[in-house]
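Chemist: Below are the structure tokens for one structure; questions will follow.
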Amino acid sequence: MLLGIGGRMAGEAGAEAVFVAIRNLSKHFGAFQALKDIHLDVKRGEFVSFLGPSGCGKTTLLRAIAGLDRQSGGTIAINGRDVSNAPPSERDFGIVFQSYALFPNLTIADNVGYGLVNQRRSKAEITARVAELLAMVGLSGQLTKYPAQLSGGQQQRVALARALATSPSLLLLDEPLSALDAQVRLRLREEIRDVQRRLGVTTFMVTHDQEEALSMAERIVVMNHGVIEQIGTPEEIYRNPATTFVAEFVGRISLLPGVAHGIDAVEMAGRRFLATRAAEIADGAAVEVGIRPEAIRVRGVTGSEPNALPVRITDLEFLGAFCRATLVAEGAPGLTLIADFSANLLRDLGLQQGAAITVDLPADALRVFPARASA
Amino acid sequence: MSGDARLRRPLIREQTVATLLVLALIIVLVLIIALPLWSLLSKSLQNASGGYVGLANFATYFATPSMVSALFNSLGVALMTTLLVVPLAFAYAYALTRSRMPAKGVFMGIALLPIFAPSLLGAISLIYLFGNQGVLKGLLFGHSIYGPIGIVFAEVCYCFPHAVMIIATGLRLADGRLYEVAEALGTKPTRVFFTITLPGVRYAAISAAFVVFTLVITDFGIPKVIGGQFTVLATDAYKQIVGQQNFEMGAVVGLILLVPAVLAFFVDRQIQKRQVALLSARAVAYEPKPAPMRDALLLAFSSVIGLVLVAMLGMAIWASFIRYWPYNLSLTLAHYNFGEFEPGGWEPYLTSLAMAGCVATFGTGLVFLGAYLVEKTKVPMPLRSLAHFLAMLPMAVPGLVLGLGYVFFINAKSSPFGWLYGTLAVLVINTIAHFYTVGHITATTALKQIDGEFEAVSASLKVPFWTTFRRVTVPISMPAILDIAVYMFVNALTTISAVVFLYGPSTKLASISIIHMDESGATAPAAAMATCIVLTAIGAKTLHVVLDRLVFSRLQVWRKR
């Protein structure tokens with residue numbers, strides 16, 4: 001049976017490896033550009049998260065993949081088939097919304113079986129499939145209840161079961177956990193990840209919660225102002241942020257002004273620090289140097305390390321298991337760092353507010369970015 | 001590619017179906033709303049033989065003293081009524097929302113009573129009370145109830161529920177925190193009233209004033225029954241069309257009637273935009289504190305008003321059972337033997353029932369489906385905006401004007417709809433169009449409360465939108481659908497102004513029969529027929545409340561937590 005389309009994608013050869021291919025995707029809402037020239041390849045079975053602040057275009061991108069909001073330009077191919085102009089019903093995906101969008105007047109069983117009824121399957125077949133799905137999400141025995149009688153977490157599981165009922169090749173999750181309590185959210189993270197792995201269904205999840213993205217996704221697409229800032233595994237994103245935006249959005253980081261100096265050093269407040277930098281940054285250019293709070297070393301620092309820096313602790317914020325310290329470089333008030341000190345460390349070294357210490361900024365933990373125009 | 005069989009393109013796409021349905025809706029709305037209005041407009045610019053004469057008809061109108069006097073009469077009566085109703089309604093609404101007076105529910109119900117009666121029922125009651133044979137005639141000190149006094153009095157009662165509802169809504173929107181802050185700062189109650197209460201409700205009061213003004217200036221029933229020699233625009237239009245067959249002048253009067261209504265429409269829209277901004281999502285509902293003096297005063301005031309409203313309804317009902325007012329007060333059912341006073345007998349009442357039933361059935365179906373298509377489908381925005389605009393249009397068109405538009409549209413030489421004239425069908429269509437907007441707003445509001453992703457979820461499950469409409473949207477919206485049906489039914493029963501130009505010999509409605517019997521001096525049978533309508537309307541509303549409870553308890557178990 002031929003699908004009446006002329007649109008097998010150009011990259012036919014890689015069709016098996018690439019399951020979803022997005023090319024030059026853009027979307028305007030009037031004068032506002034919600035998506036700019038998005039490129040993305042996703043492999044079959046991969047769990048990809050779109051991460052970014054509100055208004056960054058992540059939901060717009062998800063809805064474009066679903067066909068719910070048509071893109072202004074560019075193409076989307078799923079499983080080698082160009083679906084750029086296909087309506088949602090011809091795209092084969094299941095979707096879970098932040099609001100769950102469960103049908104309030106239908107029972108849990110009817111909600112989960114909603115898409116099956118339309119496939120002209122037999123009653124017995126549908127009943128069996130619904131029971132199987134509800135067992136998978138741990139809701140057996142709730143068949144005849146109505147959504148309003150379930151907790152938020154249970155409703156979320158029903159929505160997931162309904163989305164997976166027709167065995168779609170693509171699962172789309174739009175902020176699936178943001179309406180839930182912190183505890184339920186943690187448990188559901190694992191459950192969703194579990195089900196996804198077991199079924200091997202290619203999954204896109206939109207979230208503004210970096211922790212959620214880091215813990216669940218195999219790859220994270222960090223977005224801002226309608227463009228992709230970085231694509232990478234959670235570890236790459238965290239350890240090797242491509243831009244100052246990614247560095248600041250995912251995790252905490254101190255960004256310090258400096259100047260590129262030679263091939264492997266930067267100058268900050270008149271001092272030289274060893275740091276590797278990208279080739280495209282010219283010698284003598286203004287840069288921003290980033291370091292994560294937990295990467296700052298205190299224990300066993302002798303002062304002879306190449307990146308040693310005498311600082312004063314100007315503030316200690318108690319956060320339970322650790323303290324967040326504000327460190328100001330001695331003689332250079334422009335250099336302010338945030339560091340996380342464990343309770344152990346504080347006790348062992350007797351650190352207090354106002355104390356003068358020497359810290360080490362390990363060269364491999366320093367990230368050098370081109371200075372932002374406004375910075 | 002054979003494995004992708006379930007992704008095959010269907011024979012007809014949902015999008016195509018939705019677009020076709022929206023186009024059909026637009027065509028229907030253009031036919032039943034836009035084209036009749038266009039006919040009215042073009043008629044006013046033509047002479048009797050259909051030639052274009054520019055504004056000549058308007059020049060003639062303003063050069064004819066009797067016509068201009070009707071215009072000023074209308075403006076005077078409408079202004080007077082507005083000045084009386086708004087303060088009274090404010091005090092009554094204040095009692096309902098800002099006091100701890102007892103029996104608020106009863107007083108709310110009484111305030112709404114006039115809605116269930118044709119406007120002219122109040123006028124009939126006034127005739128019994130203050131007319132030539134009236135028991136209270138002496139209170140008028142020699143003035144006649146037939147004329148501006150009677151019109152204003154009856155209009156005040158007729159418009160009262162509308163003003164109370166609008167102002168009470170405005171008062172309910174108050175943020176309780178503002179009052180707590182004022183109290184914490186030691187503000188005097190009178191200052192609180194003038195600096196917080198009044199400013200908070202001013203938009204609602206302006207809106208109510210415009211609505212009342214429009215209702216009065218376009219009302220036909222009351223001036224017809226109690227106006228005597230005092231002509232107003234609405235009765236003048238009737239005289240021009242039905243009496244003198246002067247269609248051009250009728251069209252001019254119709255357009256003049258359109259001016260205040262259109263003005264009111266736009267003022268109201270502006271006001272609603274501002275009113276929304278007044279109340280933030282974090283506002284706390286105002287809870288009145290006990291104040292025995294205030295509550296007693298408000299209770300006394302509300303009781304007086306309530307008594308007047310009940311009397312205005314009750315007098316006509318009572319009179320319909322009285323043998324010969326005011327000489328023989330024994331009770332009788334003789335006036336309900338309509339065959340003696342009206343060639344059709346009970347026929348008009350049955351026609352009204354049939355008409356109202358059809359309006360409620362087909363009107364509700366069309367309105368709800370239309371609102372769904374506008375609100376929930378993915379049809380290109382310009383098409384949906386056009387449909388929405390057409391649906392909102394009747395709000396700005398008084399019934400009388402729409403009725404005139406229908407006369408010209410159907411009877412135009414080139415019209416293919418001439419055969420519709422005088423049929424039940426045209427009465428039903430016209431009445432649906434007349435009351436379309438309120439139903440559309442009710443349906444749209446209900447649909448907006450439904451999760452916007454239902455259609456998206458259905459699409460992902462490959463379930464077409466019409467299945468979700470049937471299985472989910474309609475069952476969830478049942479309360480709103482019943483509301484619309486009852487609203488349409490009650491209004492179809494009591495309406496006069498639009499249908500008075502359109503009925504035929506076999507489709508005379510109860511409300512028109514009342515006018516005819518009253519014209520021929522059979523006031524008691526007219527009151528009897530009006531009583532039948534009131535009782536039917538109240539009966540329908542009661543049935544609705546009961547049904548609503550049943551629907552909630554039986555069919556909507558899913559709403560319970």
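The values are calculated or read from the model by the stated rules, or taken from the named source; none is laboratory data. Predicted model only: the values in this text are computed from it and were never measured. When we count neighbours, we look across all protein chains shown, and the Cβ atoms used for this are built from the backbone with ideal geometry, even at glycine.
Chemist: With crowded, with 20+ Cβ neighbours inside 10 Å, in the same structural domain as B:PHE368 (by TED's automatic domain parsing) and of a type in the set (S, T, N, Q) as the only criterion, which of B:SER385, B:SER460 stands out?
Modeler: Answer to the check: B:SER460.
Chemist: Would you mind telling me which numbered condition in (1) in the same structural domain as B:GLY250 (by TED's automatic domain parsing); (2) touching a Leu at 6+ places or on another chain (Cβ under 8 Å); (3) at positive phi B:ALA103 fails?
Modeler: Evaluating B:ALA103 over (1) in the same structural domain as B:GLY250 (by TED's automatic domain parsing); (2) touching a Leu at 6+ places or on another chain (Cβ under 8 Å); (3) at positive phi leaves (2) as the failure.
Chemist: Within segment A:48-57, how many residues are modelled with pLDDT under 95 and under 23 Å from A:PRO87 (Cα atoms)?
Modeler: Number satisfying all stated conditions: 1.
Chemist: Here is a further query. Sort through B:THR467, B:THR445 and tell me the only one that's within 14 Å of chain A (Cβ to nearest Cβ), outside any loop (DSSP other than H, G, I, E, B), of a type in the set (Ser, Thr, Tyr) and surrounded by fewer than 17 Cβ atoms within 10 Å (Cβ to Cβ).
Modeler: Checking each option against the conditions leaves just B:THR467.
Chemist: Then there's this: Go through segment A:261-297 and give me each residue that's farther than 30 Å from A:GLY226 by Cα, out of contact with any helix residue (DSSP H, G or I) (no Cβ under 6 Å at 6 or more places or on another chain) and assigned to a strand (DSSP E or B).
Modeler: Selection gives A:HIS261, A:ALA265, A:VAL266, A:GLU267, A:MET268, A:ARG271, A:ARG272, A:PHE273, A:ARG297.
Chemist: Being hydrophobic (A, V, I, L, M, F, W, C), more than 11 Å from chain B (Cβ to nearest Cβ) and in contact (Cβ under 8 Å) with a residue 24 or more places away in the chain is the filter here, so list the residues in segment A:150-191 that pass it.
Modeler: Result: A:VAL158, A:LEU160, A:ALA161, A:LEU173, A:LEU177, A:ALA179, A:LEU180, A:VAL184, A:LEU188.
Chemist: Does B:GLY227 satisfy the condition of being among the small types (Gly, Ala, Ser) and within 20 Å of the chain's Cα centre (by Cα)?
Modeler: So B:GLY227 does not fit the description; no.
Conditions tested, residue by residue: (1) in the same structural domain as B:ALA237 (by TED's automatic domain parsing); (2) over 30 Å from B:LEU383 (Cβ atoms); (3) touching a residue at least 40 places away in the same chain (Cβ under 8 Å).
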| residue | (1), (2), (3) |
| --- | --- |
| B:LEU21 | no, no, yes |
| B:LEU37 | no, no, yes |
| B:TYR52 | no, yes, no |
| B:PRO65 | yes, yes, no |
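Chemist: Can you tell me which residue among A:ALA242, A:ALA275 is crowded, with 22+ Cβ neighbours inside 10 Å and more than 13 Å from the chain's Cα centre (by Cα)?
Modeler: A:ALA275
Chemist: Could we say that A:THR144 is out of contact with any Phe, Trp or Tyr (no Cβ under 7 Å at 6 or more places or on another chain), of a type in the set (Val, Ile, Thr), part of a loop (DSSP other than H, G, I, E, B) and facing chain B (nearest Cβ under 10 Å) here?
Modeler: Criteria not met by A:THR144.
Chemist: One residue is enough: does segment B:448-459 have a residue meeting the conditions touching a residue at least 24 places away in the same chain (Cβ under 8 Å), β-branched (Val, Ile, Thr) and more than 14 Å from chain A (Cβ to nearest Cβ)?
Modeler: no
Chemist: Return yes or no: is B:ALA24 assigned to a helix (DSSP H, G or I), hydrophobic (A, V, I, L, M, F, W, C), under 30 Å from B:ALA425 (Cβ atoms) and within 14 Å of chain A (Cβ to nearest Cβ)?
Modeler: When the stated conditions are applied, B:ALA24 does not pass them.
Chemist: Let me ask you something else. Looking at (1) charged (D, E, K, R); (2) touching a residue at least 60 places away in the same chain (Cβ under 8 Å); (3) within 14 Å of another protein chain (Cβ to nearest Cβ), find the lone condition where A:ARG121 falls short.
Modeler: (2) is the only condition that A:ARG121 fails.
Chemist: Shifting gears a bit: Would you say B:ALA356 is at pLDDT 85 or above and assigned by TED's automatic domain parsing to the domain that holds B:ALA433?
Modeler: Yes.
Chemist: Restricting attention to segment B:311-345, report how many residues are part of a loop (DSSP other than H, G, I, E, B) and crowded, with 16+ Cβ neighbours inside 10 Å.
Modeler: Residues flagged as part of a loop (DSSP other than H, G, I, E, B) and crowded, with 16+ Cβ neighbours inside 10 Å within segment B:311-345 amount to 5.
Chemist: What about B:HIS434, is it closer than 30 Å to B:PRO464 by Cβ and not charged (D, E, K, R)?
Modeler: Criteria not met by B:HIS434.
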